[in-house]
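The values are calculated or read from the model by the stated rules, or taken from the named source; none is laboratory data. Just so it is clear, the model here is predicted, and its values are computed rather than measured. Cβ: placed from backbone, ideal geometry, glycine included. Neighbour counts: every protein chain shown.
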C-alpha cells in the first residue's frame, strides 16, 4: 500500500524537512504520495511533484487552511488516510501538533520521532532524551508517524514527475482562530537544514555578547546560529534558536558549541552532528565528552581569533 | 471556571538512565521518580489562573500505579484543590491516557485541560493533542503565554520559526512549553496542607475504556556511543584540524 507524506511548507515554498520524510516513507512503501494542505500553495505542490520517488501530489486548498491550524489540517489528513497504510510528517512543531490528532481520530497509536524503519510495522525511536533507542512494533493497521529528519537522508528535490491532483477541502472545525505570528527574520540558513551551526550557551553572558561574538563567526562560515536552553531562558535569543531534547534536533556537518556546558538535554539535539567543536573555559564540561575537537579557553578571545584565522 | 491538569510520574530529570543488560527496557529499580517537569509548569499555570481569579477550581489527575499519589500530592502542594488517580498497574500509552482524560473531562466538565507538551521519559508529545481530538476540542500546543478572557483562550505558541498566537473557544486543551512560567517550590506548610486535600482513586478497570497498548517494545538499546575526541592547544591547531583532518571548512 502507498505511503502519504504531509508536506512542510508556508504556502510559498516547500521546506527541506519534507525531503527527509519522503526517504523515510520510501523505506515503508515503494509508492509515496505527498499531501499539501494550505491556501494558494500551488508552487509548493509543484515543487513536491519534482521530488524523486513521489508518485503524485494531492493539493487541498481553502482559506481556512492558510494558517495550517491543527484542527482543520487534521480533518483533511483523516479524510484521505483511508487509502494509505503509512502517513508520515516531519517531526517539526507543525508535524508534532497535527499528527497525534490524526492518530486519535483514527483510533491508532502514533509513533514520534522515528529515526529508522526496521520493517513496515517496526521502527526505532529515541526515548529519555536519546539516552536509549527503542525498537517498537505497532499492532495498528495504520501507522501515523513523525520522522526525525536527521535520521534520514534528503530525497533528491528534482527528478520526479508526479502529477498534482486537486481535492476539495473538508469543512473546518472553527473552534480555533489564527491571531498573529512573529517569525524571526534571518538571512542565515535554516537551523535544521544548515551544513554548519554555531551555537551559544550561558557562557556568552548576555544577548549583546551573543550577537557580538557569534555573528561574525556565523557570517564567515555561512552558518546558522543555535543556542542552548540556558541561553534562551536567559533571554539572549528567542525560542526558535533552541537546540535540544525539546527544541530543534540538528545534525550538521560541523557544530561549533561556544560556552555550552553540554547538558544531556542539549546533547540530545546535536550529538548526531558529523563533527563537533567545543569551546569552553571549563575543561571538565560534559560537552568535551562528545566533541571531536575541544578548545579549553576564554571564548571571548578564542572566537574572534578563530574568525581571523578562517 | 474549572481547570483539569494532567500530570505524569516519570524518572527524575537529573537521573542518568541506564539500559538493562537484556535490552528489555531501562532500569527503573530504585531510581528517583518525580513529576514530569512540563507538567509542573502546567500546574503552576493553573494555580496562577486561580490566584488571578480566573479559575475557581484546579483539579489534578494522573494515570498509573498507586505511587502516582506522591506526584498528585506534589501538585496539591503547589496549589491544586483536589486530585484524581486513575489507577492501574498496566502500561499506559498516550492514546490510552487520552481516552482516560476524555472520560474524566466528560464527568468533570472543565473549561481547560492543561498538561506538559511531552513527558521526558517516552518523549512522545502526543497526549494533549490526542485528548483534544477525542473530545472534539481545539488545542494549543507548546504554549509560552496563556490569556483567558471572554470565553476564549489566547495562547502564544513556540513554533519552529518563532512565536504564533492563536485563539481557542473554550473548552480547550493547552500543552505547556518551558517558558510559560517558572514553577514555585512547594513550601512545607503547603506540603502539610496537601496531605489533607481530597484524592479520589478511581480504578481504570472500572471505566470501560480499552487501554491495551498498541505499540510493543521489542528492544531498548544504548544509542551509538560518540567517542570523545581530542583537545587542541590553540585556535591555529583547531583550524588546521578542521581543514586538514575533518575537512569540514
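Descriptive notes on the structure:
- Looking only at residues of segment B:111-124 that are surrounded by 24 or more Cβ atoms within 10 Å (Cβ to Cβ) and either at pLDDT below 95 or closer than 24 Å to residue A:179 by Cα (or both), we find that the one that is nearest to the other protein chains (Cβ to nearest Cβ) is B:117.
- Residue A:283, sole failed condition from (1) more than 28 Å from residue A:125 (Cα to Cα); (2) in contact (Cβ under 8 Å) with a residue 24 or more places away in the chain; (3) at the interface with chain B (Cβ under 10 Å from one of its Cβ atoms): (2)
- Scanning segment A:102-129 for residues that are modelled with pLDDT of 95 or more and outside any strand (DSSP E or B) yields A:102, A:103, A:104, A:105, A:106, A:107, A:108, A:109, A:115, A:120, A:121, A:128.
- Test: residue in segment B:16-27 that is under 16 Å from the mean Cα position of the chain (by Cα) and touching a residue at least 24 places away in the same chain (Cβ under 8 Å): no
- Filter pass, residue B:29 being under 19 Å from residue B:206 (Cα atoms) and part of a loop (DSSP other than H, G, I, E, B): no
- Looking only at segment B:7-21, and only at residues there that are out of contact with any strand residue (DSSP E or B) (no Cβ under 6 Å at 6 or more places or on another chain) and farther than 13 Å from residue A:129 by Cβ, the one that is surrounded by the fewest Cβ atoms within 10 Å (Cβ to Cβ): B:21
- Contact annotation: residue pairs with Cβ atoms under 6 Å, 6 or more positions apart or on different chains, pairing a residue in segment A:288-310 that is facing another protein chain (nearest Cβ under 7 Å) and in contact (Cβ under 8 Å) with a residue 40 or more places away in the chain with a partner that is surrounded by fewer than 22 Cβ atoms within 10 Å (Cβ to Cβ) and outside any loop (DSSP other than H, G, I, E, B), are A:306/B:235; A:310/A:220.
- Residues that are outside any strand (DSSP E or B) and modelled with pLDDT of 95 or more, drawn from segment A:163-174: A:168, A:169
- Selection from segment A:227-261 of residues that are over 17 Å from the mean Cα position of the chain (by Cα), more than 11 Å from chain B (Cβ to nearest Cβ) and crowded, with 22+ Cβ neighbours inside 10 Å: A:231, A:236, A:257, A:258, A:259, A:260
- Search result, residues across segment A:93-112 that are touching a residue at least 60 places away in the same chain (Cβ under 8 Å) and out of contact with any helix residue (DSSP H, G or I) (no Cβ under 6 Å at 6 or more places or on another chain): A:94, A:95, A:99
- Strands (runs of 3 or more DSSP E) wholly inside segment B:32-95 containing at least 1 residues that are over 26 Å from residue B:133 (Cα atoms): B:33-35
- Residue match in segment B:67-83 (condition: under 25 Å from residue A:114 (Cβ atoms) and touching a strand residue (DSSP E or B) at 6+ places or on another chain (Cβ under 9 Å)): no
- Residue within segment A:187-197 that is exposed (fewer than 14 other Cβ atoms within 10 Å of the Cβ), modelled with pLDDT under 95 and within 26 Å of the chain's Cα centre (by Cα) present: yes
Yes or no, residue by residue, for (1) surrounded by fewer than 14 Cβ atoms within 10 Å (Cβ to Cβ); (2) closer than 30 Å to residue B:44 by Cα:
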position: B:187; (1), (2): yes, yes
position: B:193; (1), (2): no, yes
position: B:204; (1), (2): no, yes
position: B:214; (1), (2): no, no
position: B:217; (1), (2): no, no
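- Count of segment B:125-143 residues which are out of contact with any helix residue (DSSP H, G or I) (no Cβ under 6 Å at 6 or more places or on another chain), part of a strand (DSSP E or B) and facing chain A (nearest Cβ under 7 Å): 1
- Some residue of segment A:145-156 being under 30 Å from residue A:62 (Cβ atoms), within 11 Å of another protein chain (Cβ to nearest Cβ) and either in a strand (DSSP E or B) or without any contact (Cβ under 8 Å) to a residue 60 or more places away in the chain (or both): yes
- Of the numbered criteria (1) crowded, with 22+ Cβ neighbours inside 10 Å; (2) on the phi < 0 side of the Ramachandran plot, the one residue A:128 fails is (2).
- Residue match in segment A:202-210 (condition: out of contact with any strand residue (DSSP E or B) (no Cβ under 6 Å at 6 or more places or on another chain), assigned to a loop (DSSP other than H, G, I, E, B) and surrounded by 15 or more Cβ atoms within 10 Å (Cβ to Cβ)): yes
- Condition met for residue B:75 (surrounded by fewer than 21 Cβ atoms within 10 Å (Cβ to Cβ) and farther than 25 Å from residue A:138 by Cα): no
- Taking strands (runs of 3 or more DSSP E) as the structural unit, those lying wholly within segment B:173-249 and holding at least 3 residues that are at the interface with chain A (Cβ under 9 Å from one of its Cβ atoms) and either closer than 30 Å to residue B:58 by Cβ or in contact with a helix residue (DSSP H, G or I) (Cβ under 9 Å, 6 or more places away or on another chain) (or both) correspond to B:230-232.
- Taking the conditions (1) assigned to a helix (DSSP H, G or I); (2) free of Cβ contacts under 8 Å to residues at least 12 places away in the same chain in turn, residue A:187 satisfies each one other than (1).
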